[in-house]
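Since the structure comes first, as structure tokens, the remarks are kept for the end.
The values are calculated or read from the model by the stated rules, or taken from the named source; none is laboratory data. On a predicted model such as this, the values are computed, not experimentally measured, just so you know. Cβ placement follows ideal geometry from the backbone for every residue including glycine, while neighbour counts extend to all protein chains displayed.
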Amino acid sequence: MTWIAKPRLHHPSLSRNAVGYTRRDYEGKVSTLCAGCGHDSISAAIIQACWELDIEPHRVAKLSGIGCSSKTPDYFLGNSHGFNTVHGRMPSVLTGANLANRGLTYLGVSGDGDSASIGMGQFVHAIRRGVDMAYIVENNGVYGLTKGQFSATADQGSVSKRGVANSDAPIDLVGLALQLGATYVARGFSGDKAQLVPLIKGALGHRGVAILDVISPCVAFNNHAGSTKSYDYVREHNDAVNRLDVIEGRAAIAVDYDPGEAIDVVQHDGSVLRLRKLDPDYDPTDRLAAMAYVNLHQARGEVVTGLLHVDPAATDLHGHLGTVATPLNQLGAAELCPGAAALAKINAALR
Amino acid sequence: MTPIAAVNDFVVKFANVNGSGSASANELFARAILRMGVPVSPRNIFPSNIQGLPTWYEVRVSEAGWLGRRGGVDLLVQMNPQTWDADVAELPAGGYLLYDSSRPLPPGRLRDDIVVLGVPLTRICAEHYQDPRQRQLFKNIMYLGVLSVLLGIDREAIVRLVGEQYRGKEKLLEANLGALDLGRAHALAHFPDGIGLQVRAADAVGERIFMEGNAAVALGMVYGGATVCAWYPITPSSSVAEAFQKYCQKFRAGEDGNRHAIIQAEDEIASIGMVVGAGWNGARAFTATSGPGVSLMTEFIGLAYMAEIPATIVNVQRGGPSTGMPTRTQQADLLSCAYASHGDTRHVMLFPEDPTECFAFAADALDLADRLQTPVFLMTDLDIGMNQRLCAPLAWDDARRYDRGKVLSAEQLEDGREFGRYLDADGDGIPWRTWPGTHPTRGAFFTRGTTKDPWARYSERGPDYVYNIERLRRKWRTAAGLVPAPVPAAAAQGARAGVIHYGSTSPAMAEALAALAAAGLHLDALRLRAFPFPQSVLEFIEGHERVFVVEQNADGQMRMLLVNEFGVDPARLVPVLHYDGTPITARFIVDAITAVLGASPVRPQPERVT
Ligand SMILES: Cc1ncc(C[n+]2csc(CCOP(=O)(O)OP(=O)(O)O)c2C)c(N)n1
Ligand code: SF4
Ligand SMILES: [Mg+2]
């Protein structure tokens with residue numbers, strides 16, 4: 001077990017954010033995952049991102065499927081409602097929750113088994129619908145919780161701990177998300193918190209569906225030589241296309257880079273995604289170019305990371321459905337029930 | 001051969017080709033008779049097909065008000081050569097056949113013990129219309145004109161109905177009335193005296209309305225405050241969601257946006273997932289499906305039961321298993337819904353008898369789901385769902401408030417109310433809950449299907465599991481007192497036998513009871529309207545030597561539930577099972593009961609079936 005939560009004594013050095021919370025206020029229960037599991041690093045990055053974004057913890061709804069990864073929402077944001085749903089079906093539950101109350105921030109946590117195998121259909125359809133959510137797949141190439149079977153994202157030829165090679169072709173969630181029109185697509189690595197925290201912040205601030213594939217090594221079953229999801233392998237093959245800074249709307253936006261060195265993308269909430277280019281040719285607002293780049297570099301065996309695509313004009317499911325601004329769960333009989341007089345008219349028309 | 005003679009008491013069957021536009025003329029026929037104050041009950045008999053295959057529309061005319069299927073045909077309107085032989089063979093001696101005589105029939109195809117009425121519909125249409133679509137469509141309204149003369153149906157009643165249908169579309173209105181009168185003129189010239197079956201104006205309809213159950217369910221969901229609907233198309237339930245969409249466009253669309261969200265999901269698993277997510281987050285949500293859909297939903301139904309999340313599921317039952325008889329009716333999903341999912345689960349089910357109760361129970365189901373924090377099934381079937389039924393007007397009390405159940409507000413949390421999500425705080429088995437986002441520091445909890453302690457903390461301790469399951473059992477007993485109560489109908493004289501029935505069996509049962517009583521066989525009846533059963537159901541069983549359980553499935557599923565829930569001796573419960581996919585008839589019930597009670601058979605209707 002690794003402990004994210006420390007003793008609940010507030011250390012004086014823990015500073016408060018703009019809504020008056022310390023980082024501790026974004027923590028959850030003690031993690032029960034294996035020491036060194038990539039998923040715990042992602043939980044820590046979520047805590048950091050929410051604190052930096054000044055989100056009130058209780059205004060986040062965190063939902064997950066089933067798996068080690070899907071257990072993690074219990075280990076962060078202890079003052080948020082959480083829902084550990086069923087295997088592979090987090091997207092539908094989150095969609096329903098989102099329809100009920102558009103006023104909350106929705107964070108979906110899933111695993112590669114959860115999303116790329118049993119939940120492939122729901123992953124795909126949530127993207128098609130543009131559900132406003134940050135969808136994090138904690139991708140380790142195996143089913144951790146059921147003890148190390150290959151998942152559908154395991155690379156062909158990658159070798160299991162027991163020495164068996166995977167013969168099936170992998171599903172690339174980033175490639176799929178780009179193809180399906182997700183309006184924010186990123187890949188991170190649980191071993192690179194500096195890169196990951198801004199990617200999560202950008203995803204949480206994005207209106208529309210934000211897909212974040214995070215390579216998150218499973219130290220128990222998939223961190224050996226021959227695995228393509230191990231810490232060593234990802235470090236060696238990481239091709240980061242950019243560095244992201246999320247600049248909140250109220251902060252003065254100072255330009256501190258040379259033209260051509262970075263791109264600013266304004267999100268609907270006024271925050272600015274500042275992308276410092278590590279690859280000079282990469283433009284994340286061009287979806288087709290992003291698809292080509294990702295395909296090309298992955299074919300060369302690289303793990304492409306960074307904010308791969310963002311659509312500044314993104315829309316979401318509520319926009320498509322034209323729902324009222326008031327959350328549906330706040331509407332009562334006065335707003336919803338046509339009443340007895342209208343019913344009398346309906347009766348009359350049915351005679 | 002003596003032609004059948006009957007006033008306001010006969011069955012007309014229309015044999016049509018799917019997709020030929022006959023449905024609207026056939027409905028006009030039924031409604032015109034209603035407008036004359038004579039009750040009718042129509043039934044669509046249709047294949048799983050969009051165009052080309054045979055369909056039938058059967059209208060029972062009954063001034064006495066019997067709305068169950070009678071069985072048999074007195075007048076056949078034969079518009080489909082494909083089914084000619086079988087349809088004509090079904091007519092009893094003395095019955096009537098109306099057919100399109102434009103083309104000569106091969107010799108020897110007509111029976112001589114029936115009254116044959118040929119009208120050259122295709123030829124008349126060809127003479128009057130150029131457009132091929134019109135030639136096809138107007139045949140339908142034209143036979144309606146012929147029928148109005150044959151049966152003595154008021155022309156004015158039809159004219160008014162057509163006028164209502166085409167209000168604002170004068171051209172169409174005139175064209176339709178023209179075709180109607182072409183048919184009438186032909187009939188007046190050739191059959192001026194009509195036939196032995198006659199409709200005579202009466203006053204037996206009253207305030208009742210004529211509506212499909214699926215539309216009534218949808219309207220009940222609108223009135224009951226459902227805001228989220230997620231569904232996946234499946235006959236015979238699809239028109240629930242489609243009608244919900246239609247009513248929402250009318251009543252829920254405002255300048256400021258839509259006060260509803262409807263998602264056609266990728267499958268039934270996603271549909272129920274969305275309903276569960278919305279229910280968890282405080283919106284009233286429902287899905288509509290049929291048997292195969294429920295099968296796919298079962299993992300989620302178990303989660304909603306265990307995590308205690310409101311969800312309303314409409315099951316418009318059809319013949320199963322698998323694709324079974326997708327366009328036929330059955331009550332065969334009771335067990336699969338009552339115990340849907342793995343583990344020890346039990347679910348609330350409501351059984352409406354007609355559209356009136358479909359409307360009322362839809363709204364009730366939303367209240368019950370919130371109050372009990374659990375899945376609630378609204379169990380209808382194809383017979384109620386997809387047929388128009390004469391029923392009491394829909395009623396709504398403007399003073400009614402939605403029962404959102406035990407939900408703690410921010411103020412209650414702020415005041416320091418103790419909150420244990422799975423704690424039996426009130427002794428009724430129903431815990432308090434909170435909606436996400438309510439309070440900054442109080443009331444948050446982690447929802448999961450795994451065992452937890454009363455404070456929603458993960459636990460695999462046996463005692464925590466047992467506490468939870470025992471509380472769920474208490475909640476179940478609470479539910480029995482909240483669901484719609486059974487409706488007793490005592491026999492006129494002391495009865496030693498009883499009969500239990502539910503749902504769409506109701507009209508056939510009423511007719512059967514009257515016929516049995518007329519023959520001296522008196523039975524007390526109890527119509528079940530919900531599962532779990534209150535104690536009064538056991539008292540009813542114990543109060544009779546023998547209780548017939550009448551249902552439309554092959555296994556006696558309600559009987560199994562009764563035996564299972566009450567532990568009664570199965571021998572006391574005599575199954576009466578109808579399961580060929582057609583709606584149950586009074587005749588069937590009467591025959592089955594008289595066979596057991598050993599009396600000579602009695603007939604609810606003059607025997608006219610060949
Ligand atoms: C319907 C169903 N089938 C199978 C399982 C068993 N199961 C639990 S977790 C899991 C795989 C999880 O893999 P992944 O999503 O990659 O999560 P990880 O543990 O690797 O983080 C499986 C198959 C289940 N819970 N439900
Ligand atoms: S089994 Fe793997 S995925 Fe699960 S907690 Fe351990 S390291 Fe993490
Ligand atoms: Mg995994």
**Asked** Scanning for something surrounded by fewer than 24 Cβ atoms within 10 Å (Cβ to Cβ), in contact (Cβ under 8 Å) with a residue 60 or more places away in the chain, within 28 Å of A:HIS320 (Cβ to Cβ) and more than 16 Å from ligand 2 (Cβ to nearest atom), does region A:170-177 turn up at least one residue?
**Response** yes
**Request:** Test B:MET306 against the criterion of being closer than 30 Å to B:ASP453 by Cβ, among the aliphatic types (A, V, I, L, M), out of contact with any Leu (no Cβ under 7 Å at 6 or more places or on another chain) and not assigned by TED's automatic domain parsing to the domain that holds B:GLU565, and give yes or no.
**Result:** yes
**Prompt:** Can you tell me how many residues in region B:480-495 are at pLDDT below 95 and out of contact with any helix residue (DSSP H, G or I) (no Cβ under 9 Å at 6 or more places or on another chain)?
**Reply:** 2
**Request:** May I ask you to say which residue of B:ASP203, B:ASP267, B:ASP256 is modelled with pLDDT of 95 or more and closer than 19 Å to A:GLY322 by Cβ?
**Result:** B:ASP256
**Request:** Working carefully through the options B:ILE4, B:ILE50, find the one that is assigned to a loop (DSSP other than H, G, I, E, B) and buried (at least 20 other Cβ atoms within 10 Å of the Cβ).
**Result:** B:ILE4
**Message:** Can you confirm whether A:ASN166 is within 16 Å of ligand 3 (Cβ to nearest atom) and crowded, with 24+ Cβ neighbours inside 10 Å?
**Reply:** no
**Request:** Scan region A:89-118 residue by residue and report those that are charged (D, E, K, R) and near ligand 1 (Cβ under 10 Å from one of its atoms).
**Result:** A:ARG89, A:ASP112, A:ASP114
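Rundown of residues vs (1) surrounded by fewer than 23 Cβ atoms within 10 Å (Cβ to Cβ); (2) within 14 Å of chain B (Cβ to nearest Cβ); (3) more than 15 Å from ligand 3 (Cβ to nearest atom), yes/no style:
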residue	(1), (2), (3)
A:LYS29	yes, yes, yes
A:ALA49	no, no, yes
A:ARG59	yes, yes, yes
A:ASN79	yes, yes, yes
A:PHE83	no, yes, yes
A:SER92	no, yes, yes
**Wholly enclosed helices (runs of 4 or more DSSP H) of region A:276-339 bearing at least 1 residues within 14 Å of chain B (Cβ to nearest Cβ) and in contact with a helix residue (DSSP H, G or I) (Cβ under 8 Å, 6 or more places away or on another chain)** = A:317-321, A:333-336
**Prompt:** Which of the residues that make up region A:147-163 are buried (at least 19 other Cβ atoms within 10 Å of the Cβ) and β-branched (Val, Ile, Thr)?
**Reply:** A:THR153
**Set A:GLN195, A:GLN156: member being polar (S, T, N, Q), part of a helix (DSSP H, G or I) and either away from every other protein chain (no Cβ under 14 Å) or within 16 Å of ligand 2 (Cβ to nearest atom) (or both)** = A:GLN195
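For region B:76-173, give me every one of the helices (runs of 4 or more DSSP H) that falls completely inside it and has 1 or more residues that are of a type in the set (Asp, Glu) and closer than 17 Å to B:ALA15 by Cβ.
By residue number, B:84-90.
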